[in-house]
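Note sheet for the following structure.
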Amino acid sequence: MYVKGKLRLETVHLSSQPMQVPPKQKKPQEVLMTNLVPRDSIFQDLFAFRRDFDQIFNRFLSWPSTQEERTLITGFAPAVESFIDKDDKKFHCQVMLPGVDPKDVNLQVQGNTLTISGERRDVRETKEADFHHREITYGSFQRSLLLPEGVDKDRLSAEYRNGMLEITAPMSAAALPKKIEIRSLPLTRHASA
């Protein structure tokens, strides 16, 4: 090392060993700030495991019934919506059947059960195709619905329009809900002791 006035010169020796730098001392504020950074911990892993386990358990508890299971195996199950129109005094049932020929749909009533069955056919000429995306399902379907009490089963009618099957039937007046008036009685005084 050579020192001339205030200038200090050092000679550097190159060697094959890396130069060691002493670790930088952190200020107390820096140490506190690093504790604010979220880190993966075993607790997060445990919470994720429990969430996944709960989802699996809930799926097991809500396993489909045999009727729904049969529908899942066959693939196609039309959406159904049914309601009672209190103004028109009619039962309505709408069944979404896009791509289904109305000739391939059967309606049957046995007791209080309405059964809708049929088939959506694949009418494409090419059976061997390389699909890029396929979500349309084909095959047979069957849906059974309990008819509400008071539906006139002998007067059921069905219309098919734009992929929607509309089934209607009149309701008997006795089956419709009616409002019951509440009478107000005069207050009575209790005997005091």
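Bear in mind that the values in this text are calculations on the coordinates, not laboratory data. What you are looking at is a predicted structure, and each value in this text was computed from that prediction instead of being measured. Positions of Cβ are backbone-derived with ideal geometry, glycine not excepted, and every protein chain shown enters the neighbour counts.
Structure notes:
- Taken about its Cα centre, region 86-145 carries a charge dipole of about 340 debye when Lys and Arg each add +1 at the Cβ and Asp and Glu each add -1 at the Cβ.
- Cβ-based net charge around ARG120, under 12 Å, with every Lys or Arg adding one and every Asp or Glu removing one: -3
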